[in-house]
Amino acid sequence: MTAATTNPDNDLRVEALDFHHPFTPYNVQLQFMRAAYDVLEKGNGQVGILESPTGTGKSLSLICSTLTWLRNHKRQQYEATFEATAAGMEGEPDWMVEATLRRKRDELARRWEEREAQLERVRAREKDLEEKAGRASKRQRLDDGDDEGPSSKGKRKALDEEAEFLIDDWHDSTDGVSDDDPLSQLSKETRALLARVGLGGAKKIEEEEYEAEDEIKASRDLTKPIYYTSRTHSQLTQFIAELRRPTFPPSIPSELLSKGGQGDRQSNEVVKQLPLSSRQKLCINPAVSRLGSLSAINDRCTELQQSKSDAKCAFMPNADNLKQTHQFRDTVLAMVPDIEDMYRIGKQIQVCPYYASRTAIPGAEVITLPYPLLLQKSARDALGIKLEGNVVIIDEAHNIMDAVANVYAAEICLSELRRARQMLGAYVKRFGKKLKGENRVMVARVGRVVESLSEWLDGASSSKVDQGIADPNMLLKSRGADQTNLYKLIRYIQESKLAYKIESYMSHAESEQDPSTAKKGTRSSPVLHTLVSFLTALTNLSAEGRIFYEKIAGSPPDIKLSYLLLSPTHAFSSIASSARAVILAGGTMSPFDDYKAHLFPTFSPEKITTLSCGHVIPSSSLCVWTLASTMPIPAGSSSNAAAPDAFEFSFQKRSDRTMIRQLGLALLNMCSVVPDGVVVFFPSYGYLDQVVAVWQAADPSQLPSKPENSTPPTKPLTLWDRLTAKKFVFRETKGSSSDEVLQSYTQAILSPPPPNPSSAAASADPKPRQAGALLLSVVGGKMSEGINFSDRLGRCVVIVGLPYPNMQSAEWKARIEYIESSTVARLMATHTDATNGNGGNGAAAPAGAPPTREQAVAQAKQVARDFYENACMRAVNQSIGRAIRHRGDYAAIVLADRRFATDRIRAKLPGWIRGGMAPGTEAKGLQGLMGAMSGFFRGKRGGAVDSCS
């Protein structure tokens, strides 16, 4: 299989590089590493969109290429400083220049040696502790010290409610902190504490000096860290495990390692990696971590830092535990820790890993963090992350645009607003007379905002329309809420901890009324934190987002407001415009156009490198087939004309019961020749239910005629009966646990139970042939992403139809409308100084000529259409990628829809799938498929190389 890249000319320049791969890399891995290295070396805002199929060692290739570049770049930067020193001494005697350079080189080598020796001692100590204690359970949270458990019921009753729940006096002031300062998001007490120990924002971190490690600061000034992000913590943990495998040469020039006469110097240097996460993952204070929700943990943590608090957090870094904080820093830099290691180390040393990790940022080479912490600017600011001049790597980036939208998404239901109104009323009733000045005014404004949102939703719930777009200006029209400064109101709620105070009081009050809730440890739902998230969404640019309402069926029925970011362009621009280089990597990145158009719309083609790698498997291990119809299409037939029995599962045609039965028969034939596991992906849960209902119903053409004698007729087998006779059948259902289904499916293949002799199929066939299992899933469902159907679990993957999103939904209508309007505006703005021409007939403008408005509209409609189609194809490609997970794996991929034969759709499949597709399969029908699959799997059983054609 071949790889396609837009910049092959740079291969020779990187050919001689040693990427320090722990194994002998495949050709596709070398191509991937060369492309990634080249993107980083070019810098200056370069972007790489790199696709490498699952099972090709993508993570290890990313690590080896980026760390090789980082270490090379560091050495080059050191050499550049020596050259600059020599240039600055121009005119001085040669012996003086040489002495100065020798002193600088020796000092650098000495400091590097001292640091590495110190970290080696820490590693030895950690290894000794692990051997003594064992690691039976890395993450065993100790609940000692939880002063809010059932045993403290007596203390809770004696609690001074005013001291605990009453809001402190608040003034509209940021205490001299600029809104541009990342610390402005934090409370005054938090800022003061962080300033004392140098753990706060980026400014403090950059100024921090290490007692015995000044060279770390010098190293950081020369080269900034690589930020690596992925979707989930489990994916980050897998990446960190891979990061421990390769070894890399030191970050100082090689000639320094051979001097000094101090014995054998290290030939390798351990990677300094630091994982960052939220308080929810890292908090070691049991009284705080037990609160559960992230917002409640954040508020309680910052409250414990306030000077008026009687119960300060004992784990916060401060002047008294500076030694433990430095020990934590050295330990995490000496190891290659994951999040669970960070928690464990903090627990051992008795210092907060969330805050203490800030001290390790200057010495880290790789910083790993989940999507939300990187993609949201406020989260980056709170962590002190500055991306200027840094390298950003986004893994599993096929869903990066959805991830950006999800980070900024927010929703709130009418039932939650009613609950918020009830909580506010109870709080004001208890503490209203104690509220003074600004607090009284601001709490009243919160109440008016809640009332206005509730009234709007009450009105929408009585309308006949189930969903639509809400005008943000109308949401706060009543009760004078439109006069409220939302920015000030949000800041008030955050700084005063109003949401936490009210929800804590309500939890306390409810436990007083019903002690069983305290015993169960239940807390009221954080509806006021939900309100803050929604109000924050209202302050986003109105042009890039929309607010939708949707009725929710249930008992009682409900209605919700939701904010959707229509375009990730503006939100992602702070990353794209500031980083030295950005790499988007994934197993199924095709098609690439969306990333260029919506993440980097202003970037020139020279700034973007794309690469689609082939697979590591031989061509004989892949059989890709387009099943366009059941019968072969005669030669000479129009390629655009659909056969009478064509498979086309479009929304207009997919309810055809005859076509659904033909699909079942085709699947039945496949199950006869495919060993072990077959996974079928349908466009939606609703359509899967419809298909199963047809298969379980009796076929009208198979119904027996009325018998002449009194012998009752034999009930004909349904398609479902016949499928269950071939394989054990499992089905993914919406809202159910995928783990259970997956476990049963796996067990049926690897450790199959005996056939069921009581089934209808077994009664008709004395020798049931159940072998393997059939799993019916949904594109975009839980089985389509992150699940490994390797080897026997996925010998065949069938994609039924093209899962286009519902164009009639309010959300997709708004998306398409926004893309069209923003594209027209961008195209016209590009040529504001040019004159319109070409007659305005919508034809393509000559090269270099400005487009007319009609041409811009036509082009914008095509961009919107591509976006819509690409959303479908990304989901298809992700489902296809569930199979073939390593070099020794093999599988058949069946695309059951005639539209897969069109050039436009086929071009959006991954390159390795296109390369494995036998030509002309769409015309050969089911008979051709069965012949090809029989030969393919027969060849695999016999060890022969048999192509799928």
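The values are calculated or read from the model by the stated rules, or taken from the named source; none is laboratory data. Predicted, not measured: the structure shown is a model, and the values here were computed from it. In this analysis, Cβ positions are derived from the backbone assuming ideal geometry, glycine residues included, and neighbour counts consider all displayed protein chains. With ligands, DNA and RNA removed, areas are computed over all heavy atoms of the protein, side chains included. Shrake-Rupley method; radii C 1.70, N 1.55, O 1.52, S 1.80 Å.
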- Here is a list of conditions, (1) at pLDDT below 95; (2) open to solvent by less than 10 Å² (accessible area, probe 1.4 Å); (3) under 16 Å from Gly614 (Cα atoms), and Asn27 meets all of them except one; can you say which number that is? (2)
- Which numbered condition Leu369 fails, given (1) under 27 Å from Lys74 (Cα atoms); (2) out of contact with any strand residue (DSSP E or B) (no Cβ under 8 Å at 6 or more places or on another chain): (2)
- Message: Taking the conditions exactly as written (touching a Ser or Thr at 6+ places or on another chain (Cβ under 8 Å), open to solvent by less than 80 Å² (accessible area, probe 1.4 Å) and modelled with pLDDT of 70 or more), does Thr718 satisfy them or not?
- Response: no
- Message: Looking only at the stretch 471-494, filter to residues that are in contact with a Phe, Trp or Tyr (Cβ under 8 Å, 6 or more places away or on another chain) and surrounded by 20 or more Cβ atoms within 10 Å (Cβ to Cβ); which one of those is farthest from Asp558 (Cα to Cα)?
- Response: Tyr492
- Message: Only one of Lys488, Lys434 is of a type in the set (Lys, Arg) and under 33 Å from the mean Cα position of the chain (by Cα). Can you tell me which?
- Response: Lys488
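Would you check if Ala773 is aliphatic (A, V, I, L, M) and either open to solvent by 50 Å² or more (accessible area, probe 1.4 Å) or at pLDDT below 95 (or both)?
no
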- Task: Give me the pairs, please: first residue somewhere in the stretch 721-747 and under 18 Å from Val778 (Cβ atoms) and aliphatic (A, V, I, L, M), second residue anywhere and open to solvent by 40 Å² or more (accessible area, probe 1.4 Å) and assigned to a helix (DSSP H, G or I), beta-carbon distance under 8 Å, and either six or more positions apart or on two chains.
- Result: Val729/Trp720
- Message: Can you find a residue that is among the hydrophobic types (A, V, I, L, M, F, W, C) and open to solvent by less than 10 Å² (accessible area, probe 1.4 Å) anywhere in the stretch 317-327?
- Response: no
- In the stretch 539-588, how many are among the β-branched types (Val, Ile, Thr), surrounded by 21 or more Cβ atoms within 10 Å (Cβ to Cβ) and part of a loop (DSSP other than H, G, I, E, B)? 1
- Note on the structure: Here the residues within the stretch 328-344 that are open to solvent by less than 10 Å² (accessible area, probe 1.4 Å), in a helix (DSSP H, G or I) and under 17 Å from Glu120 (Cβ atoms) are Thr331, Val332, Leu333, Ala334
- Could you grab me the full set of residues in the stretch 22-66 that are within 26 Å of Gly786 (Cβ to Cβ), among the aliphatic types (A, V, I, L, M) and touching a strand residue (DSSP E or B) at 6+ places or on another chain (Cβ under 8 Å)? Ala35, Ala36, Val47, Ile49, Leu50, Leu62
- Item | Residue check, Thr368 in contact with a Phe, Trp or Tyr (Cβ under 8 Å, 6 or more places away or on another chain), closer than 20 Å to Thr237 by Cβ and hydroxyl-bearing (Ser, Thr, Tyr) | yes
- Task: Identify, from the list Val392, Val407, the residue that is part of a helix (DSSP H, G or I), in contact with a helix residue (DSSP H, G or I) (Cβ under 7 Å, 6 or more places away or on another chain) and closer than 30 Å to Gly57 by Cβ.
- Result: Val407
- Does Thr832 qualify as being out of contact with any His (no Cβ under 8 Å at 6 or more places or on another chain) and at pLDDT below 90? yes
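In the stretch 907-921, what residues are open to solvent by less than 50 Å² (accessible area, probe 1.4 Å) and either outside any loop (DSSP other than H, G, I, E, B) or in contact (Cβ under 8 Å) with a residue 60 or more places away in the chain (or both)?
Result: Lys908, Leu909, Pro910, Gly911, Trp912, Ile913, Gly916, Met917, Ala918, Thr921.
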- Query: Which number in (1) closer than 30 Å to Asn540 by Cα; (2) open to solvent by 20 Å² or more (accessible area, probe 1.4 Å) marks the one condition that Gln348 misses?
  - Reply: (1)
- Among the residues of the stretch 426-441, write down those that are open to solvent by 20 Å² or more (accessible area, probe 1.4 Å), touching a residue at least 12 places away in the same chain (Cβ under 8 Å) and either assigned to a helix (DSSP H, G or I) or touching a helix residue (DSSP H, G or I) at 6+ places or on another chain (Cβ under 8 Å) (or both). Ala426, Val428, Arg430, Lys434, Gly437, Glu438
- When restricted to Phe603, Phe649, the only residue surrounded by 14 or more Cβ atoms within 10 Å (Cβ to Cβ), out of contact with any Asp or Glu (no Cβ under 6 Å at 6 or more places or on another chain) and of a type in the set (Phe, Trp, Tyr) is Phe603
- Item | Residues of the stretch 792-822 classified as β-branched (Val, Ile, Thr), farther than 26 Å from Asp889 by Cβ and crowded, with 22+ Cβ neighbours inside 10 Å, total | 1
- Message: Quick check on the stretch 616-626. Is at least one of its residues among the hydroxyl-bearing types (Ser, Thr, Tyr), closer than 24 Å to Ser65 by Cα and open to solvent by 50 Å² or more (accessible area, probe 1.4 Å)?
- Response: no
- Message: Please determine whether any residue of the stretch 288-299 is surrounded by fewer than 19 Cβ atoms within 10 Å (Cβ to Cβ) and touching an Asp or Glu at 6+ places or on another chain (Cβ under 8 Å).
- Response: yes
- Task: Give the residue that is most open to solvent (accessible area, probe 1.4 Å), with candidates limited to residues of the stretch 589-600 that are assigned to a loop (DSSP other than H, G, I, E, B) and out of contact with any Pro (no Cβ under 7 Å at 6 or more places or on another chain).
- Result: Phe592
